[in-house]
1. For peptide A:306-317, compute the average count of partner chain beta-carbon atoms within 10 Å of each residue's beta-carbon.
2. Which distance in nm do the two modelled labels at B:K143 and C:D87 give, with both placed 7 Å along the Cα-to-Cβ direction?
3. For segment D:96-153 and segment C:318-349, compute the distance between their C-alpha centroids and round to whole Å.
4. Calculate, for D:S23 and D:L288, the FRET efficiency according to 1/(1 + (r/R0)^6) with r their C-beta to C-beta distance and R0 25 Å; round to the nearest 0.05.
5. Assume the label is 7 Å from Cα along Cα to beta carbon: what separations in nm does C:G209 have to the matching positions in the other copies?
6. Considering only DSSP states other than H, G, I, E and B, which GluC sites (Glu not before Pro) in segment C:143-239 qualify as loop sites with at most 14 other Cβ atoms within 10 Å?
7. Within the set A:K4/A:K136; A:K335/B:K114; C:K145/C:K239; A:K213/B:K51; C:K108/C:K137, which residue pairs have Cα atoms separated by over 32 Å?
8. Once phi is turned into ³J(HN,Hα) by the Karplus curve 6.51 cos²θ - 1.76 cosθ + 1.60 with θ = phi - 60°, what whole-Hz value does each residue of segment A:64-70 show in order, with x for glycine and proline?
Protein chains: 4
Amino acid sequence: MVKKAGVLGATGSVGQRFILLLSQHPDFEIHALGASSRSAGKAYKDAVNWKQTDVLPASVQGVVVQECKPEGSFKECDIVFSGLDADVAGEVEKAFVDAGLAVISNAKNYRRHKEVPLVVPIVNPEHIDIVESKVKKAKAEGKEKTGFIICISNCSTAGLVAPLKPLVEKFGPIDALTTTTLQAISGAGFSPGVSGMDILDNIVPFISGEEEKLEWETKKILGTLNEDGTEVVNIPEEKMKVSAQCNRVPVIDGHTECISFRFANRPPPSTEDVKRTLSDYVCEASKLHCHSAPKQTIHVLEEQDRPQPRLDRERDNGFGVSVGRIRQDSLLDFKMVVLSHNTIIGAAGSGILIAEILSAKGLI
Amino acid sequence: MVKKAGVLGATGSVGQRFILLLSQHPDFEIHALGASSRSAGKAYKDAVNWKQTDVLPASVQGVVVQECKPEGSFKECDIVFSGLDADVAGEVEKAFVDAGLAVISNAKNYRRHKEVPLVVPIVNPEHIDIVESKVKKAKAEGKEKTGFIICISNCSTAGLVAPLKPLVEKFGPIDALTTTTLQAISGAGFSPGVSGMDILDNIVPFISGEEEKLEWETKKILGTLNEDGTEVVNIPEEKMKVSAQCNRVPVIDGHTECISFRFANRPPPSTEDVKRTLSDYVCEASKLHCHSAPKQTIHVLEEQDRPQPRLDRERDNGFGVSVGRIRQDSLLDFKMVVLSHNTIIGAAGSGILIAEILSAKGLI
Amino acid sequence: MVKKAGVLGATGSVGQRFILLLSQHPDFEIHALGASSRSAGKAYKDAVNWKQTDVLPASVQGVVVQECKPEGSFKECDIVFSGLDADVAGEVEKAFVDAGLAVISNAKNYRRHKEVPLVVPIVNPEHIDIVESKVKKAKAEGKEKTGFIICISNCSTAGLVAPLKPLVEKFGPIDALTTTTLQAISGAGFSPGVSGMDILDNIVPFISGEEEKLEWETKKILGTLNEDGTEVVNIPEEKMKVSAQCNRVPVIDGHTECISFRFANRPPPSTEDVKRTLSDYVCEASKLHCHSAPKQTIHVLEEQDRPQPRLDRERDNGFGVSVGRIRQDSLLDFKMVVLSHNTIIGAAGSGILIAEILSAKGLI
Amino acid sequence: MVKKAGVLGATGSVGQRFILLLSQHPDFEIHALGASSRSAGKAYKDAVNWKQTDVLPASVQGVVVQECKPEGSFKECDIVFSGLDADVAGEVEKAFVDAGLAVISNAKNYRRHKEVPLVVPIVNPEHIDIVESKVKKAKAEGKEKTGFIICISNCSTAGLVAPLKPLVEKFGPIDALTTTTLQAISGAGFSPGVSGMDILDNIVPFISGEEEKLEWETKKILGTLNEDGTEVVNIPEEKMKVSAQCNRVPVIDGHTECISFRFANRPPPSTEDVKRTLSDYVCEASKLHCHSAPKQTIHVLEEQDRPQPRLDRERDNGFGVSVGRIRQDSLLDFKMVVLSHNTIIGAAGSGILIAEILSAKGLI
């Protein structure tokens, strides 16, 4: 059965991506769109400055935008995707959850809450079990509807943890990790986003808050649930040192990360072991036959000059992650280049795939 | 007295830079230009596809290009700058040295020879002492002319070692170092250089041979001379681990490097100590009042989003190096962003400044 | 029945596009690949430096590349697409035609031959009648196989003539036309193509031979067949003045053209008439239900800042053409902005669509 | 004697350019800086987000920013440069003129006032005579100070009219003119200016109000003064048809214009005549030996692929204009490519040069 989907922050760059993905999706239909009061009451096509490379879907053009309140058609939604900015997301999303709605948010506000799963769907869908426990408990208590929130990770975190997960599963903990990112400008949205004067023939070696997010979120996403499955327990600081240096580069889509890392266990695996483990990894979403799940979760590229954002970002429709130049490192154990599509697996696409997992598990 | 300068590889991108810098230089005059036999015999303006942002200097337009042989006006040169490609540089430069000429080369061919100084003039001019010994010895033996060669370092190495030198001088050895580079395309020349299709909206996470150069040359440039001053002794592998990851980015000029490093001595200096040491550093070329020496060798930038190539590459006419975002690192001791102008301090400009030092020391 | 397709120049940029489009095509299968003797004998994946944003299709990876001779599996092809460079296309294509093969060429060599149709499939498929006559005549003479060649137009010509055709059909001849083009770099191929140093933060206001092609080809494509349907008769010089100024710009795909034009008939149509005529235009390929034919041949965009290459080039998979800013001109009658995908409707895609028309007409 | 200069809108992009040029100028000193009330009271270095490629001049760093009112040190200024946005420029500039100050404005507000000269200093300095008349009249009336305003033209207009002026002087009126512009993003400022998402791998074929400005201003700048020298009389619409199509392109600095034009007089001059006339043109500012006047007003480039913005925009420090590809046009008489530095001769630089002319004429 097709699920009813709502989108908060529908006119923004993440919201537009949600809408584009949903409009082409067999399992969801767009049922409610929310934006600021300035847009409320307008047909979506009149409220939005559509900036996607695909044309604004005809089916969405006439949908009347509402305010971001858990009212009207939003109340009928099976799932609500939030592309809201952090300054308003906290309050709005809370109101939706309190109203019994299932919310998947791209905002950072609740990412650090222990009881909120921070999910990269090709990496740690098992953290969704927190929600499962909560829903079951509520049902047991006779509640009909249980609101909850699941957070999508930061875009550069998603790309980083994708190859780490299978390696940690197979070879044990990684205790040291560096990443220097070369991040696309679409991650900053487009109003105003990154100024052309700042990025043409230039690099900006700073993205506000990004390094802290990368360093912190990695330890939550690779962390485990507590015994009763109600909270995420991060990997402790002393067990995993993560050091990030983030740059904005003149690329439209696709975050490139040059990473190096060390396993806690000695001796480390061979380069061939690492490659095979990455190639063999099948994420749970793929096993569940989710619609958007990548056919190949991690693409191991053997060409010496790949991955490249323009050539490799669209692999598996942006849901796959590409890894290349896997080689030994003189300082830590390995270094390699990771490429992920920042607005798909790094943002809206992850939200959609999380919803597919929720649906497959009967949680929405 | 104005010195007579020759340029080998005069029509190439490094050669053009040499010519531009020399044409505006008070201490040198262009006396001989060498290029392939295809160009020989032509006026320079007819032989070259001039691609500099400054106009081709009138004084050079009519100079007749010769073949790259130590004959004719080349024999009268006080100094010869080589911008030759590696495939021909080895043989040609040897012939010039054998003919008693002083050669400063941007090619990689002789960089690893122990008795050839590999010099970043704002970093290790003391390695030129090898030449001084050689010249003195030859004079003592009654020889009138002594040929020698000094190599300019790889462009990304120059930027890297500039801030390391004063830190090592002050705080002792660095035993671990990582650098992820974001390198401008001018480093690859322009015929063909980096293809537009490869670099627009893209990153190429590989530059052939670059990581090896960075890792090796750093240990030579920061190395010392042997007892009798005739050879460079590299820092041993086991004393300094250097790990590089090199990327080509859509930037015209200016290499950005995100580096992290650890001092061998415990405890490491404070962040303030590091900043002050970098700011206070005055390179020897400045003390010698060389014409091109930077007023400020290392610019420590406090703005959180600097240095940026487009805004900072021209500091001190491209002879200064900019360092920003100096901060502690959770894995090693410090991380920071280094920016250097790859075609000036990273290539031709270094050659000119080396020649100025040679002149100041009476070696040419 | 699926047709057997051959591709000449299979490793080049146009050849790669042919292969990509054919590999996803229901009506064609790749049967023979030809390239230089350097590539001949290798599996395609080993011969090519694949630079498409879609992955090299698995079905093509193992195909063994042949030399470009009408032998072996090429002789079994129903249709041969040529992406050869002009320096070899003339001879090779002639050999294929002489061997009785049907050739669709992207090279310029035969474009000016009167008996060779120069076809933009959404514009002048009626010129294919020349081939129909020839094939019928040959059959009548008892020949089993008839070789022929059809030329694809220059990329910037294709975009230009697309909106002109319906206007001329409806409102009569255009007697004056100016176009200033802003052309993407993919049109120049990638080996070497346009150098990054030439195009980053830059415009190159010259493309060799391009203005002449635009001015000449327009008059052939909009021309008519002679009485017996064996030759194309160009619009005479004195009946249509075309003036082109061509620029290369830092855009990957998508040629933008700022055009202005005047109708011969007075009074000219209204702006609304022009818009409606363009919107209503249905190309013959669409009427024939060709697989690649655009759903909407010409997209009339009303937003004041469109079309834009990054946002609009993929409309109808690159087979549609976008037109915006249609407005009256103080000098001629109208000015407007035309955008077309230079490697699809401007090159390989046109070849495929021509083949679909040939197939629909029973000519292959 | 060094003149005291004030700058209105000192923190904006045009204001920064004024400050940079003034700080290096022998004839002016920065005496007053004005910005919004948010910046007033701060040292300039704390008020500005300095985005120039030259370092913020030390001499300006500590200057305390004032509000934009004709008070305090502004009253002591010999000349006031306005880089204000149009929404506030009208009122502020009027207040300054009313207070008896000489204002040179980059804003559009007064450009269409008949009694306000609209000046490209290398083109129509004779329009400054309006001010001379006014000042003399005021002096005759015993007034000590006479406020006046001179407007700088729109950036793309400046480049266009530069080569037209000498041609019109020599060969008589131009009655038809088309220009398609490829405009750099620095013209839009940087806060927010053109978004990176809008301009990377893209063209925006629309700049609000730009085409109207180009078409109108050209006729004023090439116009004449009325009999009593108090007003500018535009070239009448019917005497000169100007048609512009304006595009924003991914270039930092330098507007490229592809123009074509027709002389009213028959027969038109030869291509050689046109080239020689452009090369021979010496603007009045050069004759007056103004400090910033170009050595060569118009550079006629013979290379077939020039001018290019990255290579040619800095000619004569951005005060010269480059013209290339001069050739006959099949529709009008000639077509050619014009390149001008939009933030120098197209904006702040023009303001400085106008002030130099005023000074040379004893008007300030």
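The values are calculated or read from the model by the stated rules, or taken from the named source; none is laboratory data. Note that the coordinates shown come from a computational prediction; the quantities given were computed from them, not determined experimentally. Cβ placement follows ideal geometry from the backbone for every residue including glycine, while neighbour counts extend to all protein chains displayed. For accessibility, only protein heavy atoms count, side chains too; no ligands or nucleic acids. Shrake-Rupley method; radii C 1.70, N 1.55, O 1.52, S 1.80 Å.
1. The mean count of partner-chain Cβ atoms within 10 Å per residue comes to 5.
2. A separation of 4.6 nm, rounded to one decimal place.
3. 44 Å
4. Working from the Cβ atoms, E equals 0.65.
5. Result, one decimal in nm: 3.5, 4.6, 5.5.
6. When the GluC sites (Glu not before Pro) of segment C:143-239 are filtered for loop state and at most 14 Cβ neighbours within 10 Å, C:E144, C:E227 remain.
7. In this structure, C:K145/C:K239; A:K213/B:K51 exceed 32 Å between Cα atoms.
8. Whole-Hz 3J(HN,Hα) from phi for segment A:64-70: 7, 6, 10, 6, 7, 10, x.
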